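A.B. asks: Quick one: the structure is below, questions incoming.
No value in this document is a laboratory result; all are computed from the given coordinates. Quick caveat: nothing in here was measured; it's all calculated off a predicted structure. Here the Cβ positions follow ideal geometry from the backbone for every residue, glycine too, while neighbour counts run over all protein chains shown.
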Protein chains: 2
Amino acid sequence: MVTIKDVARAAGVSVATVSRVYNSSAPVRQDTRDRVRAVAEQLGYSPHGAARSLITSRTHTLGVLLPDLYGEFFSEVIRGVDGAAQRAGYHLLVSSLRGESHGLEAALRSMRGRVDGLIVMSPDLDAGAAGRSLPSGFPVVLLNGPPSDAAYASLVVANAEGAQAMVAHLAGLGHRRIALVGGAARNYDAEERRRGYRQGLGEAGLPWRPDYEVAGDFSEESGHAAALRLLSLPEPPTAIFAANDCMAIGALSACRDHGRKVPDDVAVAGFDDIPMARYVDPPLTSVHVDISALGARATERLLDALRAPANRDLRRETLPTTLVVRRSCGALTPTPMREIP
Amino acid sequence: MVTIKDVARAAGVSVATVSRVYNSSAPVRQDTRDRVRAVAEQLGYSPHGAARSLITSRTHTLGVLLPDLYGEFFSEVIRGVDGAAQRAGYHLLVSSLRGESHGLEAALRSMRGRVDGLIVMSPDLDAGAAGRSLPSGFPVVLLNGPPSDAAYASLVVANAEGAQAMVAHLAGLGHRRIALVGGAARNYDAEERRRGYRQGLGEAGLPWRPDYEVAGDFSEESGHAAALRLLSLPEPPTAIFAANDCMAIGALSACRDHGRKVPDDVAVAGFDDIPMARYVDPPLTSVHVDISALGARATERLLDALRAPANRDLRRETLPTTLVVRRSCGALTPTPMREIP
DNA sequence: TTGTAAGCGTTATCAG
DNA sequence: CTGATAACGCTTACAA
């Protein structure tokens, strides 16, 4: 491997000069600069990242810790993060927590000296104080986590507000029997969406019924199963609100299997508004979440923190959601999109 | 930040001993070991990755270069890679080429000294010799790339075979007018799938018709548009084969818009078999590709290369695909899944 | 079994 | 503008 020394020797300058050419940290005469560039190019030199970060104590790398890497949600988050990071010249060290028996702790440790900051998504309520294992003062942005960790900058989606708006919309269409297919157990997003659902019922003057709240796990399969259960009730709901789109799509197929027409016999709605939502039959009414924007925003806040470590901004920021009305809820004249909070 | 020196001092040993404890590179007395561990724990020490890799010249990190991070395909690849890498104790440095004006070259350079090997996915035909910018001898696995780079280990999906099998299946159902919605321009997967389509027509004794080959770009929207165009032909096809599932789903919605029933009026089939495929209406017949396995296999080959740099295995490996018959193609009695090559 | 010390490839600090 | 040289935090001969 060709090092800075080789370049220096071949160009007839000192390593310091080569370094200066690459960092423009001090003036270098134009012709020396050109010579160094040419030699480096010819030798195929590029600076060694590890050596660089050892001395500068900056890796130009951001760590991204996700609970899993499955599905469009996470892929969109990474996409948003990648875009923002790349614009700022940062690399991405991505890791899922799946399979990590020690959870966050181990993952965090193994990243020391490899990243300048972290974006951690830990919607799992049990994980609790994600921060406990973080070196205090280390730049971190928490994504979609429970509000317990006040010590960290965090970003959440307006889950409750979105769910509430959806219930209000369904109630506005005349539905009195609105059921919820809930998300994964011990998941913060799932809990917030459930809270919004209940709140929405209350505001619409509708009773909360335990048999109208069926558990799911965010998968199509669980949505399918949950919807079947709801449709088999003695008094089945007239509207099914799933805590994410995958489950809503499962619910749609369950309705077909059960011989119920959507939206004529039963309305169906989802959450997230994944790209696929507009292409299922009937097109799915959903709560739009700009997932890649979530990732991008998290990255920007982290980069801000890296640039100005002094004035730390530890606020908890909420990203608005948008109600998107399509045919699956039976609204005959689709209302224009409107922002919720 | 607490370094190995701090630990050594606090434990009353030399840095060498601390290092040995962490690497079990040489025997250390049990009680010393315990003391060091305890002190390190208490001080919150963990070794500095950059420093480590500077001396060992191993980063325990794999670079993953993808054309984009959009959609289920890439997210599944990453998932497969992450699983295999994590099992082997490796980190993942992920980057998309989107927006990189200099393409691979720049991305590769900036990764020097940060990764031990690379997984590069460059289905773009124009990118051509992806390898040109790679330091020769650097461990690389190419994913879904054109066969031009014989100098690198590579992995491809049995695109042509899968497409051919799909056409054979449709022809077997009695279809004589089978159209193709092609994938993105200058994309290797897209070209291979088209090749398989044409070959399939030939083997079934069906004529190739230019008006039955419409261009798409792998998006739902393009599938929708392409299908509309096909259905408006004076002699519309009786079967539409889309080069991926997203476009097939777009085609399904186009059929609805056009008042054609699937599969009664027209059969629709896709490629990839994304999780969503079984939940659309009607469930989508597709060519199953185990995408995360593709990522996992690529990782394993890369890790093999890292472990034994001597005997390089530069073979081009093909991953089999599977025909999955569901209702959208009109096969009344779903045939069991069967492997293609 | 442990300690000493020489690097690994850079950048930063001082002199020139 | 340029060159020596001391770090950076760690591993690894070589000695003890």
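A.B. asks: Mind pulling the per residue volume of the convex hull built on the Cα atoms of segment A:4-55? Å³ is fine.
C.D. replies: For segment A:4-55, the hull spanned by Cα atoms encloses 69 Å³ per residue.
A.B. asks: I've got another one for you. Kindly put B:247, A:121 in sequence by how many other C-beta atoms sit within 10 Å of each C-beta, fewest to most.
C.D. replies: Fewest to most other Cβ atoms nearby, the residues stand as A:121, B:247.
A.B. asks: Quick one: if the Förster radius is 51 Å, what FRET efficiency do residue B:109 and residue A:256 give, using the C-beta to C-beta distance and rounding to 0.05?
C.D. replies: Plugging the Cβ-Cβ distance into 1/(1 + (r/R0)^6) gives 0.45.
A.B. asks: Using label points projected 7 Å from each Cα along Cα→Cβ, tell me how many nm separate residue B:265 and residue B:26, to one decimal.
C.D. replies: My value for the distance between the label points is 8.1 nm.
A.B. asks: In whole angstrom, how far apart do the alpha carbon centroids of segment B:215-259 and segment B:273-317 sit?
C.D. replies: If you average the Cα positions of each part, the centres end up 27 Å apart.
A.B. asks: Need the full-extension length gain, residue A:42 to residue A:148, defined as separation in residues times 0.36 nm minus the C-alpha distance. One decimal, nm.
C.D. replies: Length difference between fully extended and current span is 32.7 nm.
A.B. asks: Can you say what percent of the DSSP beta bridges in chain B, counting only those with both residues inside, are antiparallel? Round to 5.
C.D. replies: 15 percent
A.B. asks: Further question on the same structure: Report the relative contact order of chain B, percent, no decimals, based on alpha-carbon pairs under 8 angstrom and at least 6 residues apart.
C.D. replies: Once normalised by length, the contact order is 16 percent.
A.B. asks: Under a point-charge model restricted to the Cβ atoms of Lys and Arg (+1) and Asp and Glu (-1), what is the dipole moment magnitude of segment A:4-55 relative to its Cα centre, in debye to the nearest 20?
C.D. replies: Dipole of segment A:4-55, to the nearest 20 debye: 120 debye.
A.B. asks: Using Cα positions and a limit of under 26 Å, work out the lysines in reach of residue A:261, with same-chain residues fewer than 8 apart set aside.
C.D. replies: Excluding near neighbours in sequence, the set is B:261.
A.B. asks: Which distance in Å, rounded to a whole number, links the C-alpha centroids of segment A:164-196 and segment B:138-195?
C.D. replies: Cα centroid of segment A:164-196 versus Cα centroid of segment B:138-195: 43 Å apart.
A.B. asks: Here's something else I'd like to know. Quick one: in chain A, whose Cβ comes closest to the A/B rotation axis, and how close in angstrom?
C.D. replies: Nearest residue, distance rounded to whole Å: A:75, 2.
A.B. asks: Roughly how big is segment B:221-338's charge dipole about its Cα centre, with Cβ charges of +1 (Lys, Arg) and -1 (Asp, Glu), in debye to the nearest 20?
C.D. replies: So the magnitude is around 280 debye.
A.B. asks: So if I place +1 on the C-beta of Lys and Arg and -1 on the C-beta of Asp and Glu, and nothing else carries charge, what would the dipole magnitude of chain B be about its Cα centre? I want it in debye, nearest 20.
C.D. replies: Magnitude of the dipole: close to 1260 debye.
A.B. asks: Rule-of-thumb check for chain B: C-alpha Rg over 2.2 N^0.38 Å?
C.D. replies: 1.26
A.B. asks: Additional query: By counting other Cβ atoms within 10 Å of each Cβ, how are A:299, B:322 ranked from fewest to most?
C.D. replies: With the sparsest Cβ surroundings first, the list reads B:322, A:299.
A.B. asks: Looking at segment A:182-285, which trypsin sites (Lys or Arg not before Pro) are DSSP coil and have at most 13 other C-beta atoms within 10 Å of their C-beta?
C.D. replies: Of the trypsin sites (Lys or Arg not before Pro), the ones in loops of segment A:182-285 whose Cβ has at most 13 other Cβ atoms within 10 Å are A:186, A:261.
A.B. asks: Would you mind giving the mean number of other chain beta-carbons within 10 Å of the Cβ of each residue in B:88-98, as a whole number?
C.D. replies: Mean partner shielding for this stretch: 5.
A.B. asks: Along Cα→Cβ, 7 Å out, is where each label goes; now give me the distance between the ones at residue B:5 and residue B:306 in nm to one decimal.
C.D. replies: 3.0 nm
A.B. asks: For residue A:211, put the label point 7 Å out on the Cα→Cβ axis and report which residues of segment A:153-192 keep their amide N under 20 Å from it.
C.D. replies: From segment A:153-192, the list is A:175-182.
A.B. asks: Hey, another quick one. How much length would be gained if the chain were fully extended between residue A:232 and residue A:57, taking 0.36 nm per residue of separation minus their Cα-Cα distance, in nm to one decimal?
C.D. replies: Stretched fully, the residue A:232-residue A:57 segment lengthens by 56.9 nm.
A.B. asks: Further question on the same structure: Out of all DSSP beta bridges in the protein assembly as shown, what portion is antiparallel? Express it as a percent rounded to 5.
C.D. replies: Expressed as a percentage, antiparallel bridges in the protein assembly as shown total about 20.
A.B. asks: Going by how many other Cβ atoms sit within 10 Å of their own, how do B:55, B:4, B:78, B:240 line up, fewest first?
C.D. replies: Sorted ascending by nearby Cβ count, the order is B:55, B:4, B:78, B:240.
A.B. asks: Please report, in Å, the Rg and the Dmax of the protein assembly as shown, where both are computed over Cα atoms only.
C.D. replies: Using the Cα atoms of the protein assembly as shown, the pair Rg, Dmax is 27.6, 88 Å.
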